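Structure first, then comments.
Taken together, the values in this text are just the output of simple stated rules run on the coordinates, not laboratory data. All values derive from a computational prediction rather than experimental measurement. All Cβ positions, glycine included, derive from the backbone under ideal geometry; neighbour counts span all protein chains shown.
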Amino acid sequence: MKLGMHRATQDESALLADLRLILGSPQILSDPLELLVYECDAYTLEKKIPSIVVLPNSPFEVAEIVRCCNKHQAPFIPRGAGTNLSGAILPIENAVVISLTRMNQVQQVDLENRRALVEAGCVNIWITNAVRSAGLLYAPDPSSQTACTIGGNVATNSGGPHTLKYGVTTNHVLGLEMVLPDGEIVWLGTTLEGGEETGGLDLRGAVIGSEGMFGIVTRVVVNLSQIPQSWRTLLGVFASVDDASQAVSDIIASGIVPAALEMMDQLITQAVEAAYHFGFPLDAGALLIVELDGLEEGLEQQAMEVERLCKANRATEVRRARTDKERADLWKCRKRAFGAIGRLSPNFLTQDGVVPRSKLPEIMRFIQHTSAEFGLRIPNVFHAGDGNIHPLILYDESNPDEVKRAVQAGNRILERCLELGGSVSGEHGIGVEKADFMEKQFSQPDLDAMRSLRRMFDPLHRCNPHKMFPNGKRCMDFAPRRQISV
Amino acid sequence: MNTDRPGGFLDNRKASACIHCGLCLASCPTYLETGNENLSPRGRIYLMRAMDKGAVPVTEASASAIDTCLGCRACEAACPSGVRYGELLEETREHINRSVPRGWMETLLTKVFIEGILPHPERMEIALTPARWIKAAAMDRFLPAGLREPLAFVDPHRPAQESLPPFSQTARDPSRGTVALVVGCVMDVMFRETHRSTIRLLQRAGFDVVVPEAQGCCGALFAHGGNMAEARRCAAHNLGSFNAPDLKAVVINAAGCGSTLKEYGQLLSNDPRWAPSAMAFSAKARDLSEMIEPECIDWLPPRFGRVTYQDACHLAHAQRITEAPRRLVRHVARGGYVEMSESDVCCGSAGSYNLTQPEMAGRLRRRKIGHILESRADIVVTSNPGCLLQMKAGLESAKNRATQVMHIADFLAAHLPA
Ligand SMILES: Cc1cc2nc3c(=O)[nH]c(=O)nc-3n(C[C@H](O)[C@H](O)[C@H](O)COP(=O)(O)OP(=O)(O)OC[C@H]3O[C@@H](n4cnc5c(N)ncnc54)[C@H](O)[C@@H]3O)c2cc1C
Ligand code: SF4
Ligand code: SF4
């Protein structure tokens, strides 16, 4: 397939001309060649080339771009680093992509009140880098934190391994500046100088997790936390996922709140070991990473209790990270686990279902069963403490039958999560990928309520259209192009 | 190379290792500067694959995203999927060179200056002569800025080019073995003092040092530009020159050349005549910082105030060596050591990049100088001549005379007891 099929329509040319009045030329991409990489995010199953990509430098430019899109009735989509895993930035309907990546500064740090004002395109880890020397950090730590943006985190309400104890994005965002879909700039929640609480409806909370449908976040006031005084990081080695899952339940039941409680099955452990040579046991059925942190006092006691509970569930071995470096290496392995499977397979589809913790053994058995049934390998690495699973379904994009089977296997697993009383997404969002599941998870009145909230923010459905809600146009209706570069 | 598809020039297995996760984005200097994903590793790999499949024509326009790549390989270190970006880049550049006719100015720059003069010490001497005259006559202020800046580092008075001793013995008894020093091409002309420092350091550390005379350019300048045939020729020549089985190590003090030396095995893997000795050679190649344990030398007390370290890309990302040079500098500078932010981000020098892509090179240089000034360091230490010149020129044009840039060998040698 040759590029250059998409010729700018008259409407697009007029839009482009108006955008040129607002932005400098390096801030506008409209050559088909330059639009190519914007056809998808880290979810590569569906693709669509946008009509234009713009790279604004300030909230004012964002507002002008939005007004300009409205004038030309063009839909628009906010985009951060594009690490999202559910196609939430798929540019259906030749949308204009508004990329926030140039607005990426930590603008102000208020050490006294432990807050920072950051631009939406600021990379998650940069916040911690900027305040680490003051003994502070930004707590939500998605595994993609070295690349993903705070705007994307807000839009998907991201979590991470340490969410179990410290909560998700919404627990650490005090307020935000946003360009509404009509071009108005508003501030929701606390400002950098403002008090801890604001009165009235928590619209800030409504925006967090709205997947870019309520407007374009331009700046965020985040809460900073103290780096824990002390830590213990344990690695439990189990013969089976069943045993490890039981240990998870027992640890939580004992009243201990670990900072993180993560599981890796045998297949992913082997891939991670091949990639990073940490020294994981390759014959273990499952590994459990348990991190305890806080004041030094009492920590050792908790660690010993965790060790006892693991052993009570037939752990063959419980190791401990002895140095900061060992701990950092262990987390690096965990956080880069997704990537390690690039060594096993050219493509993967990750699911993000949630089940009640007590159902972990059951869903894991189901996944194994599904893997055999569809003839696809499915390694697992996930937030066991939250019951948030991440089966990684391996497939090869160049084999259409495998693609179909991968999608079916994924759907089957999500259906099972719902049957077990869980949900279809813990942290990666709905996007286009799981829109059809919304009807299965939510009742019609619930969905109607969500839709009407969305209409309040965006009556014309211009901002990131056709995401999250079922019956929206899927890109199938628009004859999507297959990935142009396989 | 893949031959089962028309136009296919990428090794398919290497190319498909990219799972499009985006975790490399924030490590890429050109993406940090522009926010444009076309100028990111993920974007470039996407484009390479599209070119490889024939979905995108290979033209000057489509090649420009590849042209602006620094080849700094920060993306490789960041990638969880083990994508060998450096190799993909070389394969793509080689293909582009075959397919796209370049303008005369660019051809002149590449063929005459980068490939014709830089790798040949004797020609470089001659090429520098007019530059020295201009400087000596203080005529450089009449030149356009683009030409004036590179001249900033030319010493008007031809330095005394006393040649390096072919053999230097260590005072330590018994010696820890004999190592060979790679003098490089650009390095040898402009940094002979740095070589002397290197030899002194190696002697102190207990090694006898030989400087094989027949050695030539390591081939890095060619490989980075996609001229693989010439790179292989250079490699084969050097295999002959360093062919002494009892050499303990082949030591280099320029990171850019070091990574190429360590990749001779890969470079010649398809040539049965050279593959085995290339593997053996690469296994012996060492950066200077890998040879010296800070504790084994009695250093003089710190001579400078605040000292910081700038990673050379081809040391930090291509060779993944970040700790060894820091340990040395920290040990010698004691309490004066400070980290600067983005010390692992390319300064824009990147071999011949500042000649071929002056605009982006300038932006990255300004970014780097900003961080240097923010760190309030008196001395910036680094491990590669190109980085050193780039930062010197940057400080110069920022009118900063207080901050010095030093090669790690010179910095360390300044703390050796006489
Ligand atoms: C290897 C890997 C590991 C991951 N691990 C985790 C994990 O542990 N936890 C987790 O929660 N997620 C994880 N993710 C998913 C992803 O990184 C997160 O969803 C992240 O928050 C996305 O940020 P981004 O900047 O890449 O946003 P994008 O992918 O660019 O966009 C995501 C969504 O946010 C919207 N958006 C982006 N910027 C703005 C803005 N300024 N204003 C309004 N809307 C905006 C977009 O429209 C889209 O709907 C992982 C992804 C990968 C590839
Ligand atoms: S190069 Fe590596 S880090 Fe970058 S997108 Fe590809 S797989 Fe991910
Ligand atoms: S080599 Fe450097 S400039 Fe090129 S894509 Fe990788 S990180 Fe970016």
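Which value in nm describes the separation of the simple spin-label points at B:Ala275 and A:Trp187, placed 7 Å from the Cα toward the beta carbon?
Each label point is offset 7 Å from its Cα along the Cβ direction, giving 6.6 nm.
Classify region A:345-432 from the C-alpha gyration tensor, please: rounded if a/c falls under 1.5, else prolate or oblate depending on whether a/b exceeds b/c. The partial results should precede the final answer.
On the way: a/c = 1.93, a/b = 1.61, b/c = 1.20.
Prolate is the answer for region A:345-432, as a/c is 1.5 or above and a/b outweighs b/c.
Collect residues whose amide H, placed 1.01 Å from N in the peptide plane, falls under 5 Å from the amide H of A:Ser425; neighbours closer than 5 in sequence don't count.
Amide H to amide H, under 5 Å and 5 or more residues apart or across chains, A:Ser425 pairs with A:Val354.
Can you flag which of A:Lys434/A:Lys467; A:Lys48/A:Lys467; A:Lys47/A:Lys335; A:Lys47/A:Lys71; B:Lys53/B:Lys262; B:Lys14/B:Lys53 are past 19 Å Cα-Cα? Could you put the intermediate results ahead of the total?
Details: A:Lys434/A:Lys467 9 Å; A:Lys48/A:Lys467 14 Å; A:Lys47/A:Lys335 26 Å; A:Lys47/A:Lys71 27 Å; B:Lys53/B:Lys262 31 Å; B:Lys14/B:Lys53 14 Å.
As for pairs spanning more than 19 Å Cα to Cα, those are A:Lys47/A:Lys335; A:Lys47/A:Lys71; B:Lys53/B:Lys262.
If I take every Cα pair under 8 Å that is 6 or more residues apart in chain A, average their sequence separation and divide by the length, what percent do I get for the relative contact order? List each step's numbers first, then the result.
Working: 1003 pairs, mean separation 75.5, N = 486.
It comes to 16 percent, rounded to a whole number.
Between the alpha-carbon centers of region A:45-112 and region A:355-378, tell me the distance in whole angstrom.
Using only Cα atoms to place each centre, the spacing works out to 37 Å.
Collect residues whose amide H, placed 1.01 Å from N in the peptide plane, falls under 5 Å from the amide H of A:Arg115; neighbours closer than 5 in sequence don't count.
HN-HN under 5 Å from A:Arg115: A:Asp110, A:Leu224.
Taking amide H positions as placed 1.01 Å from N in the peptide plane, with prolines and chain starts having none, which residues 5 or more places from A:Ile227, or on another chain, fall under 5 Å of its amide H?
A:Leu136, A:Leu137
Restricting to Cα pairs below 8 Å that are 6+ residues apart, what does the relative contact order work out to for region A:209-300? Please round to a whole percent. Spell out each step's value before the answer.
Values: 110 pairs, mean separation 40.8, N = 92.
RCO, region A:209-300: 44 percent.
State to the nearest 20 debye the size of the charge dipole of region A:230-340 about its Cα centre, where the only charges are +1 on K and R beta carbons and -1 on D and E beta carbons.
280 debye
Using +1 on the beta carbon of Lys and Arg, -1 on that of Asp and Glu, and nothing else charged, what's the dipole of region A:106-226 about the Cα centre, debye to 20?
Working: 6 positive and 12 negative charges, 89 e Å.
Its charge dipole is roughly 420 debye.
Give the percent of DSSP beta bridges with both residues in the protein assembly as shown that are antiparallel, rounded to the nearest 5.
Details: 56 of 83 bridges.
So the antiparallel bridges in the protein assembly as shown amount to around 65 percent.
Using the Karplus curve 6.51 cos²θ - 1.76 cosθ + 1.60 with θ = phi - 60°, work out ³J(HN,Hα) for each residue of region A:186-201 in order, rounded to whole Hz, and write x for Gly and Pro.
Once θ is set to phi - 60°, the couplings for region A:186-201 become 10, 10, 10, x, 6, 8, 4, 8, x, x, 4, 10, 10, x, x, 5 Hz.
Let me check against my output: what whole-number percent is the relative contact order of region B:286-375, with C-alpha pairs under 8 Å and at least 6 apart? Before the final figure, lay out the partial values.
Numbers: 88 pairs, mean separation 26.3, N = 90.
Contact order relative to length: 29 percent.
How crowded by other chains is B:75-83, given as the mean number of beta carbons from other chains within 10 Å of each beta carbon? Mind showing how you got there, number by number?
Values: counts 0, 0, 0, 4, 3, 17, 9, 7, 3.
Mean partner shielding for this stretch: 5.
Based solely on its DSSP helices, what 222 nm [θ] is calculated for the protein assembly as shown when runs of n ≥ 4 H residues each add -39,500 (n - 2.57) and the sum is averaged over all residues, nearest 500 deg cm²/dmol?
Mean residue ellipticity at 222 nm (helix-derived): -11000 deg cm²/dmol.
Treat each spin label as a single point 7 Å out from the Cα along the C-beta direction, and report the A:Met456 to B:Lys284 distance in nm.
7.5 nm
Give, in nm to one decimal, the length gained when the segment between A:Ala134 and A:Asp110 is fully stretched (0.36 nm per residue of separation minus the Cα-Cα distance).
Numbers: separation 24, 0.36 × 24 = 8.64 nm, distance 1.10 nm.
Using 0.36 nm per residue and subtracting the Cα-Cα distance, I get 7.5 nm.
Of all the stretches in chain A, which is the longest one without any exposed loop site, taking GluC sites (Glu not before Pro) in a DSSP loop (any state but H, G, I, E, B) with at most 13 other Cβ atoms within 10 Å? Before the final figure, lay out the partial values.
Numbers: sites that count: A:Glu112, A:Glu184, A:Glu193, A:Glu196, A:Glu197, A:Glu296, A:Glu297.
For GluC sites (Glu not before Pro) (loop position, at most 13 other Cβ atoms within 10 Å), the longest site-free span of chain A is A:298-486.
Need the list of lysines near B:Lys368 for cross-linking: C-alpha distance under 24 angstrom, and skip anything on the same chain fewer than eight residues off.
By straight Cα distance, B:Lys368 reaches B:Lys392, B:Lys399.
So between B:Glu293 and B:Glu230, what do we pick up on full extension, going 0.36 nm a residue minus the alpha carbon distance? Write out the running numbers ahead of the final one.
Values: separation 63, 0.36 × 63 = 22.68 nm, distance 3.60 nm.
Stretched fully, the B:Glu293-B:Glu230 segment lengthens by 19.1 nm.
For region A:230-340, what does the alpha-carbon gyration tensor say about shape, rounded, prolate or oblate, given a ≥ b ≥ c as the root eigenvalues, a/c under 1.5 as rounded, and a/b over b/c as prolate? All intermediate terms of the calculation are to be shown ahead of the outcome.
Values: a/c = 2.02, a/b = 1.26, b/c = 1.60.
It is oblate, given that a/c is not under 1.5 and a/b is not larger than b/c.
Among the GluC sites (Glu not before Pro) within region B:331-418, which fall in a DSSP loop and have no more than 16 other Cβ atoms within 10 Å of their own Cβ?
Details: sites: B:Glu339, B:Glu342, B:Glu359, B:Glu374, B:Glu396; in loops: B:Glu339, B:Glu342.
Loop-located and lightly packed - B:Glu339.
Using the crude model of +1 on Lys and Arg Cβ and -1 on Asp and Glu Cβ, and no other charge, please compute the dipole size for chain A relative to its Cα centre, in debye to 20.
Working: 48 positive and 59 negative charges, 165 e Å.
Using Cβ point charges on Lys, Arg, Asp and Glu, chain A gives about 800 debye.
Set Lys and Arg Cβ to +1 and Asp and Glu Cβ to -1, take the dipole of the protein assembly as shown about its Cα centre, and tell me which of A:Ile227, A:Gln301, A:Met438 lies farthest positive.
A:Ile227
Are there trypsin sites (Lys or Arg not before Pro) in region B:225-263 that DSSP puts in a loop and that have at most 13 other Cβ atoms within 10 Å, and which ones?
Values: sites: B:Arg232, B:Arg233, B:Lys248, B:Lys262; in loops: B:Lys248.
Taking region B:225-263 and a limit of 13 other Cβ atoms within 10 Å, no loop trypsin sites (Lys or Arg not before Pro) are found.
Between B:Thr59 and A:Gln301, take the C-beta separation as r, use R0 = 56 Å, and let me know the FRET efficiency to the nearest 0.05. Kindly include the intermediate steps, with their values, before the conclusion.
Numbers: r = 67 Å, r/R0 = 1.20.
After rounding to 0.05, the efficiency reads 0.25.
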